[in-house]
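In what follows, a single structure is set out as structure tokens and then discussed.
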């Protein structure tokens, strides 16, 4: 079988994937990873799908090349590599090295020349060659044994494809490019000669020399003159586009033979970059891995089935100061789950399992009796109870009438504090990372698909082995993670903030919030009617019916039938995403109508139709789940349902909140919201006197900044000035570029840059603060919040200039947002404790962004506001006053501070 060499034009691929994957992707340390992820996928495709015998990557050499000597303006039009891409190049090279793929370059010459030289050698050695590039210059290398491969389209270009596209032979490509030129590389070519004319000229005269020699015979006076006047330019262009096929590269093609990758190195890289699927693939390849299979670990477990066994167990557990408790249940939904079995551990390698439900015929204990016997331990002060994701077990027990009083270490939350950027803090992942052992998969017990068993249908012995392992692993992790938290000076943050917050969140989730299902149905029906009208209007505007939800059919209507310009392309054709529709809206009414259709359809499906199904049938309330380990900044996240994502910028979105109501008639919902907390954090950290004074004076901060930046009195600030100032204020926090600000405000990039420069000139301490954050982050590797929460971030440059790159924006944002997260969490604890101490009737229900939502009797609203505002404004001492806005209503919409 003939050997096949694939040569990758590295930067060609790098730029492709960077621009193809537009959504931000970050690794565990805040580093940008979208290009790395895309490039890794391309390598995987080449290795697995194309299965080359040889593979190498060609790279540019550093510094100016030989073509710049020939023509100083060569590639003069090229813009600088984006900073977020530049930071990823070393990471991509690490991935290439991890695959043991050689990278070849040659001083003074481009990757194309390296490709040309090695392709010629490989063909002469009898190999098949495939060049992975989109660079049109490479078409001159096409031949019987050499093809180009477009990895985006998964298509090869051979001699026939070249003939179809350009109408020429491979030996005419250089002359074709010499006539046409190349705006990307700033190759001049001949004015007025485009691809069609070049093809016609070469078809008639054969070569560039003959075209120039017969310039008088060219069709058209101007073309004839240009061929004469710019003949030297055409010959120069030929020199520039001709690829070097004889570079003295010291490289043996045998070095490119595909090998097994360095799986351990790639596992390390992929874990750092947050590529979960690729990490799992590498784990399976790690030869002689340190990770042990589940049953390779020596341990023992005891099944407590009889009363005598339970009495002995109870005596033992009562003597413990700390235990790990893990419940096996009937459901993953804690508020619908009954207990199947109790797993305990207080000594590494030894576990206990108490079955209280199981298959018929199995010997087990009475569930209520076990619960009552364990209640004093769980609700007492003497025994600390730990477990992975202990909030789940706390909710199951609350449903059964028991409250764990003394919460210990939750490895999931502790690991999050140690590595906030990690993609997973799950027990299986932590077991592999800290204990180098795999765990018994749940699928081994209950199976998969339609025949999946319930936990109570699983043989007790199997359940005991599985459950006791969970408890044992969690127990061991509590010790390791506690030690690391103490070593990294994060223990106080865990013990005094995150740990007590687990109990507060468990109470909030257990309590839930009442939802008016009838109101949701009314809104859903109203939107359904409105959507019917919008659909009819869209079809009328298009002149015919079509599937609005089909991107392909919509693209046909927009770009072919209506003739609107194509803004962006995807693999499947012109894009019709939201950004494209917004840019097209000023040119035609249909894109805005489609945008409205999408918004209302999503709102109806995601909330109005979905929320009633999530109401708990036992409680009649909605119980969202709050996660402490999802957002890398420290913010809480909400899921099942995600109440933080209910749209508040549109009237229809805000209206959804009308369906959230207090528990009883005569009760009210009360919302208390921190005013401009992130800007206050910025003022506290940067110590800028003007910003701080504005907050101390209680001024409208956006108006105050507008007055300073525009140099006018505060009373003379108009709405446009304030809008600019507001965008700049928040843009500073999020590291917005002048390009981004221009897009937000609909102004030119130069105007945006002027506003930003004026802002930093007026508030110089803000710039100093940003620089201090970045210097500390570069030196320590971490961004820190006001309470010492940290996030590992790499990619901070020694010397910053121009716009901040993604890691730098992430670092600044982490300090501000993370500190706001610290504040709201501290406030929640203090408000919760005061409500309990004073036996206040109010109950805390939700934490959404910077807002706390309560319910209480109408007569107690004033005392609640006074109590909560006092605790919220004193939660953390800042150098600017904290302001808390309060609103009251019969539903969340009326109480909405927005």
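If you check 240, 202, 227, 212 for being in the same structural domain as residue 105 (by TED's automatic domain parsing), in a helix (DSSP H, G or I), surrounded by 15 or more Cβ atoms within 10 Å (Cβ to Cβ) and touching a strand residue (DSSP E or B) at 6+ places or on another chain (Cβ under 8 Å), only one passes: 240.
The set of residues in the stretch 745-784 that are surrounded by fewer than 17 Cβ atoms within 10 Å (Cβ to Cβ) and within 23 Å of the chain's Cα centre (by Cα) contains only 781.
Output yes when any residue across the stretch 429-449 is assigned to a helix (DSSP H, G or I), closer than 26 Å to residue 300 by Cβ and modelled with pLDDT of 95 or more, and no when none is. No - not one qualifying residue is present in the stretch 429-449. When the stretch 504-526 is limited to residues that are surrounded by fewer than 19 Cβ atoms within 10 Å (Cβ to Cβ) and out of contact with any helix residue (DSSP H, G or I) (no Cβ under 7 Å at 6 or more places or on another chain), the one that is nearest to residue 660 (Cα to Cα) turns out to be 518. Residues that are part of a loop (DSSP other than H, G, I, E, B), crowded, with 23+ Cβ neighbours inside 10 Å and either at pLDDT 90 or above or within 16 Å of the chain's Cα centre (by Cα) (or both) within the stretch 786-804 comprise 789, 793, listed in sequence order. Scanning the stretch 215-224 for residues that are assigned to a helix (DSSP H, G or I) and either surrounded by 12 or more Cβ atoms within 10 Å (Cβ to Cβ) or in contact with a helix residue (DSSP H, G or I) (Cβ under 8 Å, 6 or more places away or on another chain) (or both) gives 215, 216, 217, 223, 224.
Of the candidates 601, 595, 606, 576, the single residue that is in contact (Cβ under 8 Å) with a residue 60 or more places away in the chain, outside the structural domain of residue 640 (by TED's automatic domain parsing) and within 25 Å of the chain's Cα centre (by Cα) is 601.
Can you go through 358, 351, 341 and tell me which one is surrounded by 18 or more Cβ atoms within 10 Å (Cβ to Cβ) and at pLDDT below 95? Being surrounded by 18 or more Cβ atoms within 10 Å (Cβ to Cβ) and at pLDDT below 95 holds for just one of 358, 351, 341, which is 358. Among the candidates 747, 756, 770, 677, the residue that is touching a helix residue (DSSP H, G or I) at 6+ places or on another chain (Cβ under 7 Å) and modelled with pLDDT under 90 is uniquely 756. Residues that are buried (at least 18 other Cβ atoms within 10 Å of the Cβ) and over 15 Å from residue 719 (Cβ atoms) within the stretch 692-703 comprise 692, 694, 695, 701, listed in sequence order. As a summary of the residue check, residue 660 satisfies the conditions (1) assigned by TED's automatic domain parsing to the domain that holds residue 853; (2) at pLDDT below 95 except for the one numbered (2).
The single condition among (1) farther than 17 Å from residue 239 by Cα; (2) over 52 Å from the mean Cα position of the chain (by Cα); (3) without any contact (Cβ under 8 Å) to a residue 12 or more places away in the chain that residue 209 does not meet is (1). Within the stretch 218-246, residues that are without any contact (Cβ under 8 Å) to a residue 60 or more places away in the chain have Cβ atoms under 6 Å from residues that are assigned to a loop (DSSP other than H, G, I, E, B) and crowded, with 18+ Cβ neighbours inside 10 Å in these pairs: 224/218; 226/190; 227/218; 230/190; 233/188; 234/190, counting only partners at least 6 apart in sequence or on another chain. Scanning the stretch 531-551 for residues that are out of contact with any helix residue (DSSP H, G or I) (no Cβ under 6 Å at 6 or more places or on another chain), over 13 Å from residue 601 (Cβ atoms) and assigned to a loop (DSSP other than H, G, I, E, B) yields 543, 544, 550.
Applying the criterion of being closer than 28 Å to residue 817 by Cα and without any contact (Cβ under 8 Å) to a residue 40 or more places away in the chain to the residues of the stretch 609-639, the residue that is surrounded by the most Cβ atoms within 10 Å (Cβ to Cβ) is 627. Among strands (runs of 3 or more DSSP E) entirely within the stretch 605-718, having at least 2 residues that are more than 30 Å from residue 430 (Cβ to Cβ) singles out 667-674. Going residue by residue through the stretch 149-164, is there one that turns out to be touching a residue at least 60 places away in the same chain (Cβ under 8 Å), within 29 Å of residue 46 (Cα to Cα) and either touching a strand residue (DSSP E or B) at 6+ places or on another chain (Cβ under 7 Å) or buried (at least 22 other Cβ atoms within 10 Å of the Cβ) (or both)? Yes: one or more hits. Among residues of the stretch 826-840 being out of contact with any helix residue (DSSP H, G or I) (no Cβ under 9 Å at 6 or more places or on another chain) and in a helix (DSSP H, G or I), the one that is nearest to residue 509 (Cα to Cα) is 836.
Which of the residues spanning the stretch 299-316 are surrounded by 17 or more Cβ atoms within 10 Å (Cβ to Cβ) and within 46 Å of the chain's Cα centre (by Cα)? 301, 303, 304 - these are the residues of the stretch 299-316 that are surrounded by 17 or more Cβ atoms within 10 Å (Cβ to Cβ) and within 46 Å of the chain's Cα centre (by Cα). Just to be sure before I move on: is residue 462 without any contact (Cβ under 8 Å) to a residue 12 or more places away in the chain and either in the same structural domain as residue 366 (by TED's automatic domain parsing) or surrounded by fewer than 20 Cβ atoms within 10 Å (Cβ to Cβ) (or both) in the structure I sent? In short, no.
Against the test of being touching a helix residue (DSSP H, G or I) at 6+ places or on another chain (Cβ under 7 Å) and in the same structural domain as residue 476 (by TED's automatic domain parsing), the options 367, 351 yield a single qualifying residue, 351. If the condition is being touching a residue at least 12 places away in the same chain (Cβ under 8 Å), surrounded by fewer than 19 Cβ atoms within 10 Å (Cβ to Cβ) and not in a loop (DSSP other than H, G, I, E, B), then the stretch 871-886 contributes only 885. Of the conditions (1) assigned to a helix (DSSP H, G or I); (2) over 29 Å from the mean Cα position of the chain (by Cα), residue 506 fails just one. Which one is it? Failing condition for residue 506: (2). Selection within the stretch 83-119: residues that are out of contact with any helix residue (DSSP H, G or I) (no Cβ under 8 Å at 6 or more places or on another chain) and touching a residue at least 12 places away in the same chain (Cβ under 8 Å). The member of this set that is surrounded by the fewest Cβ atoms within 10 Å (Cβ to Cβ) is 107.
The values are calculated or read from the model by the stated rules, or taken from the named source; none is laboratory data. The structure presented is a predicted model; accordingly, all values stated were derived computationally and were not measured. Quick reminder, even Gly has a Cβ in these numbers, built from the backbone with ideal geometry, and neighbours come from all protein chains shown.
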